[in-house]
Amino acid sequence: MKKESGLVLALDETDGGKALAVAEEVADIVDAIKINWPLVLSEGPHMIDRLSEMSEVICDFKVADIPNTVRLIVENAVSRGASAVIVHAFTGDDSLRAAVDAAGDAEIYAVTEMSHPGAKLFTALHAEEMARLGAECGAKGFIAPATRPDRIAAIRAVIGPDRKILSPGVGAQGGKASDAIRAGADYAIVGRAIYGSDNPREAARRFADDIRGA
């Protein structure tokens, strides 16, 4: 995945027309567009194909299943043009390796800790272990929360300098893009503060400038 602005748009819109319009507005500013189940369930998996014509696409399906099911999901996402797929790490080494193998030239990003407060109850207690496991299984990157920059630094200490960290929680959840980058993230993920803005392009520019300043 390219790294120019360090900004990833989380396009959790459910209106396909609006999603495509926002994507077109910001495609030259963001490094990738991350889509989740809300858009796919409301508009269909063809949205992966459509968006991949404008930008690199990360399928944030947070896959958490047995190896065969993981393989099927990842293969289908990649066949539609996804550049990366996000999977959970807690499923263990066999499922992680199945994801990496199925991805081919695409990338697998493993969740170590999510950005909402509830993540502190369980996954945060094992985040470093999951990061270590993901690195051993060949994951190219990891998800660590911009809402808790100290956790980004902890994950970076485990995975070293060569693997990527993508940090959600910037904007509506209170995280700051530049804080995430300074803590060790490669990309800041921003959703509602861009696609829900009256001027998504200008909002994206502001976040890109904040990242550049870090």
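Throughout, read-outs are computed from the coordinates displayed, never taken from laboratory work. The structure displayed is predicted, hence computed values, not measured ones. All Cβ positions, even for glycine, are placed from backbone atoms using ideal geometry, and neighbour counts span all protein chains on display.
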Item to check | Listed residue (17, 73, 211) projecting farthest to the positive dipole end of the chain, Cβ model | outcome: 211
Item to check | Above-threshold pairs, the threshold being 18 Å between Cα atoms, out of 62/176; 34/140; 3/34; 18/62; 120/140 | outcome: 62/176; 18/62; 120/140
Checklist entry - Build a GNM of the chain with springs between Cα atoms under 10 Å: which of 180, 188, 103 gets the top mean-square fluctuation? => result 103
Next on the checklist: Can you list residues from other chains, or at least 5 along the same chain, whose modelled amide H is less than 5 Å from the amide H of residue 64?
Outcome noted: 88
Item to check | Burial ranking of peptide ranges 191-200, 115-124 (average Cβ count within 10 Å, highest at the top) | outcome: 191-200, 115-124
Item to check | √(5λ) per eigenvalue of the Cα gyration tensor, the chain, largest first, Å | outcome: 24, 21, 14
Item to check | Computed magnitude of the charge dipole of the chain (debye, nearest 20; Cβ of K, R +1, Cβ of D, E -1) | outcome: 520
Checklist entry - Of the listed peptides 157-164, 203-210, what is their order by residue-averaged count of other C-beta atoms within 10 Å, with the highest listed first? => result 203-210, 157-164
Next on the checklist: Please rank 90, 61, fewest neighbouring Cβ atoms within 10 Å first, as an exposure proxy.
Outcome noted: 90, 61
Checklist entry - Given a Förster radius of 22 Å and the C-beta distance between residue 94 and residue 122 as r, what FRET efficiency does 1/(1 + (r/R0)^6) yield to the nearest 0.05? => result 0.60
